Amino acid sequence: MLKGKDLLSIHDLSVAEVEEILSLAKELKAMQKAGVEHHLLAGKTLGMIFEKSSTRTRVSFETGMYQLGGQALFLSSRDLQLGRGEPIKDTARVLSRYLDGIMIRTFGHDRVEELAKWADIPVINALTDLLHPCQVLTDLLTIREHKGQNLKGLKMAYVGDGNNMTNSYLYGCAKVGMTFVAATPEDYRPDATVFENACKDAEETGAELSLVTDPQEAVKDADIVVTDTWASMGQEAEHEMRKKIFAPYQVNKELLKGADKRVIVMHCLPAYRGEEITEEVLEANADVIFDEAENRLHTQKAIMALTMGD
């Protein structure tokens with residue numbers, strides 16, 4: 001269903017397409033663990049445009065293409081004419097003549113949309129300031145591994161900044177029928193348009209989505225608690241101010257007392273221990289959090305195979 005399509009947002013995917021990605025990711029992970037070759041993209045090349053730096057994104061996409069039998073090219077903004085003012089539409093049309101797919105990690109979401117508009121090959125959003133779909137699809141896979149195959153009815157609580165992760169959790173939970181409650185300061189809520197769109201998506205699956213300001217209200221009886229850094233890339237100058245604003249939103253042992261006794265805590269990393277999450281809570285959930293990090297590889301392999309494969 002996804003062949004030749006872009007993956008810019010989970011909102012753009014059907015419920016069936018989300019299931020297709022998660023199912024193939026599970027299968028590819030099992031094959032990789034068993035040492036079974038799965039060269040689904042033999043002879044294919046992925047261009048990886050990085051306007052924001054990364055650890056997990058570059059390594060997982062590059063390794064994933066290798067395991068799928070293809071090749072990945074790292075393209076930093078310093079290396080491309082994009083960094084010298086070439087229009088995105090020109091870059092898109094040129095790269096479409098050379099490559100089989102493009103992955104981009106950048107700032108403004110409009111840049112990804114413009115790239116996809118002009119490219120004749122699939123474009124994968126590896127992160128923008130608005131959305132991080134690959135990470136949230138990864139997290140849904142990880143929740144399945146730790147909470148069972150059926151995600152419908154599980155409660156996820158997000159505590160912290162209403163950023164690109166929160167926006168994508170809204171879309172992801174809506175597609176799989178989960179309950180999602182985000183606790184953020186009033187002035188740091190998720191994107192209003194994203195919330196509106198996600199609520200429409202939720203009508204199909206019965207998901208329940210809500211926004212609150214009280215972290216304890218959010219985590220009450222939660223099966224999964226997630227958080228993210230309080231200052232994302234590009235917000236470094238606000239770090240000290242944000243530490244004061246978000247101090248009541250730390251995920252710590254006391255906050256988790258209100259969650260389900262079998263709660264798991266997740267973090268997309270990098271984590272700033274002592275800020276959005278305590279060392280104690282992170283290490284107590286390290287198995288889940290590093291499964292989550294590993295699953296970027298398997299989920300993105302599924303996305304690449306489905307969009308770029310034959």
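Since every read-out is calculated from the coordinates, none of them should be taken as a lab result. Values in this document were obtained by computation on a predicted structure and should not be read as measured data. A quick note on method: Cβ atoms are made from the backbone with ideal geometry, for glycine too, and the neighbour counts reach across all protein chains shown.
Set the Förster distance to 22 Å, then compute FRET efficiency between PHE74 and VAL36 from the Cβ-Cβ distance, nearest 0.05. Walk me through the numbers on the way to the answer.
Numbers: r = 27 Å, r/R0 = 1.24.
For R0 = 22 Å, the calculated efficiency reads 0.20.
Reachable aspartates and glutamates from LYS29, Cα under 12 Å, same-chain residues fewer than 8 places away excluded?
GLU37, GLU145, ASP291, GLU294
Can you give the net charge of the other residues whose Cβ lies under 13 Å from the Cβ of ILE264, counting K and R as +1 and D and E as -1?
Working: positive: ARG144, LYS147, LYS155, LYS261, ARG262; negative: ASP139, GLU145, ASP223, ASP260, ASP287, ASP291, GLU292.
Surrounding charge for ILE264 is -2.
Report, in listed order, any pair from LYS52/LYS253; LYS175/LYS244; LYS147/LYS220; LYS3/LYS44; LYS117/LYS301; LYS5/LYS26 with a Cα-Cα distance greater than 25 Å.
Working: LYS52/LYS253 33 Å; LYS175/LYS244 34 Å; LYS147/LYS220 17 Å; LYS3/LYS44 14 Å; LYS117/LYS301 23 Å; LYS5/LYS26 21 Å.
LYS52/LYS253; LYS175/LYS244, as the Cα separations exceed 25 Å there.
Placing +1 at every Lys and Arg Cβ and -1 at every Asp and Glu Cβ, with all other atoms neutral, what dipole size does the chain have around its Cα centre, in debye to the nearest 20?
Charge dipole, the chain, about its Cα centre: 680 debye, nearest 20.
For the stretch 136-292, what ratio Rg/Rh do Cα atoms give with a Kirkwood hydrodynamic radius? All intermediate terms of the calculation are to be shown ahead of the outcome.
Details: Rg = 14.3 Å, Rh = 15.3 Å.
Rg/Rh: 0.93.
Under the Kirkwood approximation for Rh and a Cα-based Rg, what ratio Rg/Rh is obtained for the stretch 22-72?
Details: Rg = 11.9 Å, Rh = 11.8 Å.
Rg/Rh: 1.01.
Working out 0.36 nm times the residue gap between GLU279 and ARG262, then minus their Cα-Cα distance, what length gain in nm do you get to one decimal? Let's see the in-between values first.
On the way: separation 17, 0.36 × 17 = 6.12 nm, distance 1.91 nm.
Length difference between fully extended and current span is 4.2 nm.
If neighbour count is taken as other Cβ atoms inside 10 Å, put GLU208, GLU276 in order from fewest to most.
GLU208, GLU276
Give me P(r) over the stretch 73-218, computed from all C-alpha to C-alpha distances, binned every 5 Å, as integer percentages.
In order of increasing distance, the bins hold 2, 10, 16, 19, 15, 12, 11, 9, 6, 1, 0 percent.
Report, in cubic angstrom per residue, the convex hull volume of the C-alpha atoms of the chain. Could you put the intermediate results ahead of the total?
Values: hull volume 37.9 nm³, N = 310.
Taking the convex hull of the Cα positions in the chain, it is 122 Å³ per residue.
Given springs between every Cα pair under 10 Å in a Gaussian network model of the chain, which of HIS132, HIS267, HIS146 has the largest fluctuation?
Answer for the Gaussian network model of the chain: HIS146.
Suppose R0 equals 22 Å; then what is the FRET efficiency for HIS239 and PHE107 from their Cβ-Cβ distance, rounded to the nearest 0.05?
On the way: r = 18 Å, r/R0 = 0.80.
Taking R0 as 22 Å, the efficiency between HIS239 and PHE107 is 0.80.
Residues of the stretch 1-34 with backbone nitrogen within less than 18 Å of a virtual label 7 Å along the Cα-to-Cβ line of THR193, please, listed as ranges.
7-13
Given the chain, what percent of its DSSP beta bridges are antiparallel, to the nearest 5? Don't jump to the answer; show the numbers that get you there.
On the way: 0 of 35 bridges.
Close to 0 percent.
Ratio of Rg to Rh for the stretch 117-168, alpha carbon only, Kirkwood? Please report the intermediate quantities before stating the final value.
On the way: Rg = 13.9 Å, Rh = 12.9 Å.
Over the Cα atoms of the stretch 117-168, Rg/Rh equals 1.07.
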